1. Would you work out the Kirkwood radius for the chain? I mean one over the mean of 1/r across all pairs of different Cα atoms, in Å.
2. If amide hydrogens are placed 1.01 Å from N in the peptide plane, which non-local residues have theirs closer than 5 Å to the one on residue 45?
3. Where in the chain are the DSSP H helices whose alpha-carbon span along the long axis reaches 24 Å or more and whose Kyte-Doolittle mean is at least 1.0?
4. Select from the range 56-94 those trypsin sites (Lys or Arg not before Pro) which occupy a DSSP coil region and have at most 16 other Cβ atoms within 10 Å, ordered by residue number.
5. Can you tell me the FRET efficiency between residue 134 and residue 74 if r is taken as the Cβ-Cβ distance and R0 is 41 Å, rounded to the nearest 0.05?
6. Take residue 110, project a point 7 Å from its Cα along the Cβ direction, then tell me which residues of the range 42-81 have their backbone nitrogen under 20 Å from it.
7. Can you sort 97, 19 by how many other beta carbons sit within 10 Å, fewest first?
8. Over the chain, with a Gaussian network built from C-alpha contacts below 10 Å, which listed residue (134, 66, 12) shows the highest mean-square fluctuation?
Amino acid sequence: MSEDAAAAVGSFVEDFASTLVASGVPRMPARVFTCLLVSEAGRLTSAELAERLQVSAAAVSGAVQFLDTTRLVRRVREPGSRRDVYVVEHDVWYQATVSRDALLDRWIDKLAEGVALVGADTPAGARLTESQEFFAFLRDEMKQLLVRWEEHRRLLT
């Protein structure tokens with residue numbers, strides 16, 4: 001890759017990471033994720049990430065821990081190696097969205113507990129119920145949307 005192309009990719013990493021930060025992703029995980037996303041193989045070691053982003057290995061470690069928890073990045077170990085490699089899959093957004101079902105289910109259950117505590121006929125109960133219904137609607141719609149995405153993706157290949 002030419003020096004100009006590398007600089008343009010580096011600029012994109014920072015720009016897209018800023019977009020993710022604006023939507024609530026912490027800065028370093030956003031940078032690490034974007035760096036992996038634009039890497040040729042979609043996989044880099046901690047040292048490679050630290051070098052490309054000009055940050056410490058500790059900063060990368062904390063970032064990949066966050067990304068692994070949110071299922072945006074997988075940590076794998078190459079056979080015969082003691083080094084971890086961090087991987088972003090081609091269908092990362094699909095997988096992250098699928099994993100949100102369990103999160104939405106937990107929110108729905110917790111909101112039901114809140115409604116039971118404050119009473120459904122109170123203003124707080126009404127807010128909690130509406131939140132619960134919204135997340136149930138979102139979960140159900142996302143399932144249908146993912147089915148449509150799978151159909152669309154099949155047409156692309």
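1. Values: mean 1/r = 0.0551 Å⁻¹.
Over the chain, the inverse of the mean reciprocal pair distance is 18.2 Å.
2. 86
3. Span-like helices here: none at all.
4. On the way: sites: 71, 74, 75, 77, 82, 83; in loops: 71, 82, 83.
Sparse-neighbourhood loop trypsin sites (Lys or Arg not before Pro): 71, 82, 83.
5. Numbers: r = 31 Å, r/R0 = 0.75.
For residue 134 and residue 74, the calculated efficiency is 0.85.
6. The answer is 66-72, whose backbone nitrogens lie closer than 20 Å to the label point.
7. Working: 97 16, 19 11.
The order, fewest Cβ neighbours first, is 19, 97.
8. Result: 134 has the largest fluctuation of those listed.
All of the numbers you see were taken from the coordinates with simple rules; none came from a lab. Being a predicted model, the structure only gives us computed values, none of them experimental. Positions of Cβ are generated from backbone atoms using ideal geometry, with glycine treated the same way; all protein chains shown enter the neighbour counts.
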